[in-house]
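One structure is given here, and the rest of the page talks about it.
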Amino acid sequence: MLGLVSVWKMRMSLWAGVAVASIILGLGGVDAELSVDYYGLTCPQVENIVRGEISRKQAANPATAAGLLRIFFHDCFVDGCDASVLITSTAQHKAERDADINLSLSGDGFDAVTRAKTAVEAKCPGIVSCADIMAIATRDLLTLVGGPYYDVKKGRKDSLVSDAWRVDGNIPLTTMSVDELNTLFATRGFNQTEMTALSGAHSVGFSHCKEFMARIYNDNPTEQTIDSEYAQGLQKVCPKQNTDPNMAAFNDVLSPNKFDNVFYQSLSKQLGLLASDQILYTDPRTRGVVNYYASSEGAFFDAFAAAMDKLGSLNVKTGFEGEIRRRCEAFN
Ligand code: HEM
C-alpha cells in the first residue's frame, strides 16, 4: 500500500497529491485549496462525463445554460459554493431553494446537475461533490452558448445545511443602486469592475414581468432611461392589468441566446431590461467599464472568466467540512 502511494505521489502534482492522500489516509482538512487536478486519480473522467450529460440537456432545452448560471450564482452568494441551493425542502424544513427569490430558478438548470451527478456516480461512486459538478456544468454550459472557457478548480464539499432564511439580503435586487450593488459584491471580495463584468451574465436568459414592471411603466420622464419603443413592446408582453406571472422577456433583447458583449452595447442604447443593468450605464462610475466591454468582447470574456473562477471559490468547504452527497437533492 505504501509503495503504491509513493508511486502515485511521484506522478501527481502537489495539490492532487494532498487531495488523494487525504482520501486514502482520511486526512480531510489538510487540503484547504481547490485544484484543477483534484480528481486526477480518483475520477479522471469526471469532466468528460459532465460535459456529455449537459451537452445533451442543453441541446434538448436551450434555456438550461442561463438557468444554471443563475443557480450557481445564487448558490455561491449564500454561504459559498456548496450546493446548498440544490437541497429539496421537506414538510418540516424550508430549504434555500424555496426562498422567495429562488422560486424563479430554472427547473432545467437543476435537472442538468441531477443528470450529471447520476452519470458521475455510475462511474465514480461517492467521489465527486455536487458543488464541483455544478461548477463544471456551469462552465461547460457557458461555453456551449458562446461564452469563455476557464479551468474549473475542484475539491469543494457539499453543505450540511440549506435554510431558506439564509438567502434574504444575500442576493442582489433589481432596485439596488450602484452603491448598494457595490456593497453587496464587496462583502464577497468583488470590486466594482468585477461586479460590472458578472452582470454580463444577463447576456443570456430572461426575466419575468414583475422584475421590470416599474421600469417599463415609469411615468417620470426625468428618470426615463429606457428606449420608448422597447418599453412599449414590453408593455404588450406585460400589461399593467392581469399580468401573466409566467410571461418573461429576454435579458438582452439584441442577442438573447448567445453569450457575448452585445449586452453592454444594448445598455448604451437604453435597451437594458433590468433596472440594475441599465444603471451600470447611467451611473458615471460604471459607464466607462460598460463602454469598454461593449467595445471589446475579449476584455469582457477575460474579466468574466476570472470573475467566475473567483465566484466559484467563494467560501468553499474543503477537507473534513461538509460531505460528498450521494444525491444532490438531499443530505446523506
Ligand atoms: C448584479 C446584480 C444582479 C441582479 C439584481 C440580478 C437579478 C436578476 C433577476 C431579477 C433575474 C430574473 C429572474 C426571473 O424573473 O426569472 C435574473 C436572471 C438571471 N441572472 Fe441575475 N442578477 C444579478 C447578477 C447576476 C449574476 C452575477 C449572475 C451570474 C454570474 C446572474 C445570472 C443570471 C442569469 C443567467 C439569469 C437568467 C436566468 C434564466 O434565464 O433562467 N445574475 N437576475
## Note on the structure
Given (1) touching a strand residue (DSSP E or B) at 6+ places or on another chain (Cβ under 9 Å); (2) within 12 Å of the ligand (Cβ to nearest atom); (3) hydrophobic (A, V, I, L, M, F, W, C), Leu234 misses just (2)
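Taking the stated definitions as given, is Phe206 open to solvent by 70 Å² or more (accessible area, probe 1.4 Å) and either closer than 24 Å to Tyr264 by Cβ or more than 13 Å from the ligand (Cβ to nearest atom) (or both)?
It is true that Phe206 is open to solvent by 70 Å² or more (accessible area, probe 1.4 Å) and either closer than 24 Å to Tyr264 by Cβ or more than 13 Å from the ligand (Cβ to nearest atom) (or both).
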### Task
Filter the range 160-189 down to residues that are within 16 Å of Ala275 (Cβ to Cβ) and in a helix (DSSP H, G or I) and give me whichever is nearest to the ligand (Cβ to nearest atom).
Leu181
### Summary
Scanning the range 77-103 for residues that are in contact (Cβ under 8 Å) with a residue 60 or more places away in the chain and among the aliphatic types (A, V, I, L, M), the one surrounded by the fewest Cβ atoms within 10 Å (Cβ to Cβ) turns out to be Ile101
### Query
Is it true that some residue in the range 290-297 is within 21 Å of the chain's Cα centre (by Cα), open to solvent by 20 Å² or more (accessible area, probe 1.4 Å) and either at pLDDT 95 or above or on the phi > 0 side of the Ramachandran plot (or both)?
yes
### Task
Kindly establish whether Ala186 is surrounded by 18 or more Cβ atoms within 10 Å (Cβ to Cβ), out of contact with any strand residue (DSSP E or B) (no Cβ under 9 Å at 6 or more places or on another chain) and over 24 Å from Gly298 (Cα atoms).
no
### Task
Scan the range 112-127 for residues that are in a loop (DSSP other than H, G, I, E, B) and open to solvent by 10 Å² or more (accessible area, probe 1.4 Å) and jot them down.
Pro125, Gly126, Ile127
### Summary
Residue pairs within 6 Å by beta carbon, gap of at least six or interchain, first lying in the range 57-76 and in a loop (DSSP other than H, G, I, E, B) and open to solvent by 40 Å² or more (accessible area, probe 1.4 Å), second more than 7 Å from the ligand (Cβ to nearest atom) and not β-branched (Val, Ile, Thr), listed first then second, are Asn61/Asp108; Ala63/Asp108
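The values are calculated or read from the model by the stated rules, or taken from the named source; none is laboratory data. Predicted model only: the values in this text are computed from it and were never measured. When we count neighbours, we look across all protein chains shown, and the Cβ atoms used for this are built from the backbone with ideal geometry, even at glycine. Note: areas computed on protein heavy atoms with side chains; ligands, DNA, RNA excluded. Shrake-Rupley method; radii C 1.70, N 1.55, O 1.52, S 1.80 Å.
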